[in-house]
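Reading through the structure tokens given below for one structure.
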Amino acid sequence: MLRSSCTALALLAAVVSPAVRAADPPLDTAAIESITGIKGTMNTAENVYKVSKPRTDIKLNVDRWTVPPFMGITSYAAFMPVVGGAMVMGDTVLLEDEVNPAMSAALDAGLEVTALHNHFFFDQPKIYFMHIGGMGDTARLARAVRAVYDRIAQVRSGQATPASAFPGDIPATSSISALPIEEVFGTKSQSSNGMVKVVIGRRTTTHDVDVGSEMGVNTWAAFAGSDQQAVVDGDFAMLESELQTVLKTMRASGINIVAIHQHMTQETPRIVFLHYWGKGKAVDLARAVKRAVDTQRL
């Protein structure tokens, strides 16, 4: 009888509204304001404190219309109290040349980067949105958010006009040597007009159907240019638990992340995809990608 009563109480606790649960620990909003340097607002109904940073420095035109920050050109970080500190979630508005410096700042500060994508078509300049998250000590999370915003400001103070390309040239005619790439990855490659591609398949189930590499569940790396001046672009297929490690490994090698998103719905296990772009010696780029591949549970 006691066991049945305990089970019933546990089920009741799972569905009871947050308003009648034990009170959440207090959130140090003064510390968040002081550390981020931004005055926030408190939503008492949701017990969330949000700091917002409008990108007033970006003169954005979308579909031949000037977009004010109120229409979605505002970075924010929202803090919710949890046992042990806080949870933070946020979205960061970035110009193209700010994305990877800001991402590295977030990762180095202990935040997770959970998505990177566009919100608009026909936007000039092109802007991207990087979603962040984390849990733990409130002051540490606030310092991490501040580090991201400070890194963006540092990029802009060094170059007022957004960059139009990554550093380094790419030869017009490709002549990549396949053998060194194959030796790095330990697998055969595909070749076309001096370019080389390696594909590593994975499997998942979607709509109760088992799918794999040929259906698009794969990690790939394609190399063009020359052995000394190469470019690599590609896609990572990852479990959700692998995303942060792959991001950190790729950024530590100087590979630029250009998108993080999903390609499917209702798949089990869930697969997240990451697109990237890097420049350098072909074999160095191959080793950088392989280091990230090696962190996965393939």
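Bear in mind that the values in this text are calculations on the coordinates, not laboratory data. Note that the structure is predicted; figures quoted are calculated from it, not measured. With ideal geometry, Cβ positions are generated from the backbone for all residues, glycine too; neighbour counts draw on all protein chains shown.
Only helical DSSP H runs with n ≥ 4 go in: add -39500 (n - 2.57) per run for the chain, normalise by residue count and round the 222 nm mean residue ellipticity to 500 deg cm²/dmol. Calculated from helices alone, the mean residue ellipticity at 222 nm is -9000 deg cm²/dmol. Among ASP210, ASP233, ASP97, the largest mean-square fluctuation in a Gaussian network model of the chain, built with springs joining Cα atoms closer than 10 Å, belongs to ASP210. Among the trypsin sites (Lys or Arg not before Pro) in region 195-298, those placed in a DSSP loop whose Cβ has at most 12 other Cβ atoms within 10 Å are ARG297. Footprinting exposure proxy ranking of HIS119, HIS131, fewest other C-beta atoms within 10 angstrom first, gives HIS119, HIS131. Were the residues from GLN229 through GLN190 laid out at 0.36 nm apart, the gain over their Cα-Cα distance would be 12.1 nm. Pairs over the 20 Å Cα-Cα cut-off, from the set LYS50/LYS248; LYS188/LYS279; LYS248/LYS279; LYS248/LYS290; LYS197/LYS281; LYS197/LYS279: LYS50/LYS248; LYS188/LYS279.
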